[in-house]
Structures are given as structure tokens and as C-alpha cells.
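Worksheet for the structure shown next.
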Amino acid sequence: MAMDEPPSAVPRPPSSRADASTSSGRRPDWPWQAGAVTIELLERIAIDPAIGFERPTVRGHRLWVSLILGHLAEGWNVDAVLAEYPQLEVDDVRACLAFGAQLADRRFADLDTAG
């Protein structure tokens, strides 16, 4: 962060891959922050005890976010997910990824002090 920037300024990722590394070849560190598109996508995720057993689901469907993320982790591409679940839209899959990114951005504490 430059000295003339206010402390609340958040560094943004570079706009192109060519700009994504420093002269040393390392990628600069910057905090991930949800943008307007991500926030809009997250509106597609719901946690309703009556629908998903208090697990996050794709709004309007009985599909857990973890199910979609699991398929992607197993190597499915978006087209394969949409073929398996034709009621979903591309933005529903993107919303699952955005939700996972939000969770991964949280700090977790190990409460197991016995081990």
C-alpha cells in the first residue's frame, strides 16, 4: 500500500494476468474482498432449516452447496453439473463457488486442546 493511501484502502488484484506478478516473479498478496457481482451471486444461496437441514442450498432447490462444490472438486466442469442438474443455471454454480470462497476467507480456531 502506498504511503499516501488511507489505511482503509484495500489493494485490488491486477486487471490482467501479465500484471499479476512482481518483478521477482512472485504474485503479490492482497486480501480477497467480495465485489458487487459476488454479493449478487451469494443471494442465490439460502439456509432454510425446512429445506436443507440447516445446510446451505441453492435458493429454490433442494441441492446443497457442498454437493455442487464436491462435484467440481472431483473434476466435473460446469457443463457436467448443469447436465446432471438441468434446473440449475451457470450463476447457481458460480454462487456455490462464491459461497465456498467466503467460507475459506474466514479464520478458524482449533478448539481441540487435548491433542
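The values are calculated or read from the model by the stated rules, or taken from the named source; none is laboratory data. Since the model is a prediction, treat every value here as computed from it, not as a measurement. Because the Cβ atoms are built from the backbone with ideal geometry, glycine has one as well, and the counts that use them run over all protein chains shown.
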Residue that is surrounded by the most Cβ atoms within 10 Å (Cβ to Cβ) [pool: residues in region 69-115 that are at pLDDT 95 or above and β-branched (Val, Ile, Thr)]: VAL93
Just one of ASP19, ASP48 is modelled with pLDDT under 95 and closer than 25 Å to LEU82 by Cα; which is it? ASP48
